[in-house]
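In what follows, a structure is listed as structure tokens, so that the remarks can point back to it.
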């Protein structure tokens, strides 16, 4: 199992403390590289939600990545910077996350720079939404859409924007973004039953289900 497989498997499952510990153990068995260092940093930072003692370990891992990024001979530096960005964001350190956002953008290839910006703005938006700072979240998500080149990425951002507008009680805006999501992913893919849309009137959700056909 390589690092990419470990990470993709982690992203595809519910991110519990036990699942993160399992992924961390798998990464620690892989050959050391700047990529695995970045992955360890992000996993440790996410684990700190359940275990506060993991935060110093995460910050130490982030520092190691930061130092390694200066070595131009190393491959996969952009990916490592993105993991460090995610780690800093998980720790709630916005200033540090913005630093690694800039580093990842600098290190990205010309054809990958838009994707990096989209990824970082989207994740910043999700972070702010999770903290209840919905206007800041919308600002970041709108920026993410500006840098989106892949339809599937755009749909995911529309879902995030719909959920954020729902929290603000912006019914028309939430519906408009949800329609884009349902057109692409179907009703079940839009996950209308989740708590993200509890800010919308029940009648609106019922209307959406009836219009697109209950699944």
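Do we find a residue being outside any helix (DSSP H, G or I), surrounded by fewer than 18 Cβ atoms within 10 Å (Cβ to Cβ) and in contact with a helix residue (DSSP H, G or I) (Cβ under 7 Å, 6 or more places away or on another chain) anywhere in the range 153-174?
no
Taking residue 85 as the residue in question, decide whether it is assigned by TED's automatic domain parsing to the domain that holds residue 15, under 12 Å from the mean Cα position of the chain (by Cα), within 30 Å of residue 197 (Cβ to Cβ) and outside any loop (DSSP other than H, G, I, E, B).
So residue 85 fits the description; yes.
Select from the range 103-118 the residues that are free of Cβ contacts under 8 Å to residues at least 24 places away in the same chain and over 17 Å from the mean Cα position of the chain (by Cα) and list them in ascending order.
Hits for the range 103-118 are 106, 110, 111.
Give me the pairs: first residue in the range 1-24 and farther than 17 Å from residue 82 by Cβ and outside the structural domain of residue 83 (by TED's automatic domain parsing), second residue part of a helix (DSSP H, G or I) and modelled with pLDDT of 90 or more, beta-carbon distance under 7 Å, and six or more apart or on different chains, which are they?
none
Condition first: outside the structural domain of residue 96 (by TED's automatic domain parsing), over 29 Å from residue 91 (Cα atoms) and part of a helix (DSSP H, G or I). Can you find one or more residues in the range 188-198 that meet it?
The answer is yes; a qualifying residue exists.
For the range 205-215, which positions are out of contact with any helix residue (DSSP H, G or I) (no Cβ under 6 Å at 6 or more places or on another chain) and in a helix (DSSP H, G or I)?
Selection gives 205, 206, 207, 208, 209, 210, 211.
In the range 55-74, what residues are surrounded by fewer than 22 Cβ atoms within 10 Å (Cβ to Cβ) and either part of a helix (DSSP H, G or I) or in contact (Cβ under 8 Å) with a residue 40 or more places away in the chain (or both)?
Correct list: 55, 56, 57, 59, 60, 63, 64, 66, 67, 68, 74.
The values are calculated or read from the model by the stated rules, or taken from the named source; none is laboratory data. Source: prediction; values computed, not measured. Neighbour counts run over all protein chains shown; Cβ positions are idealised from the backbone, glycine included.
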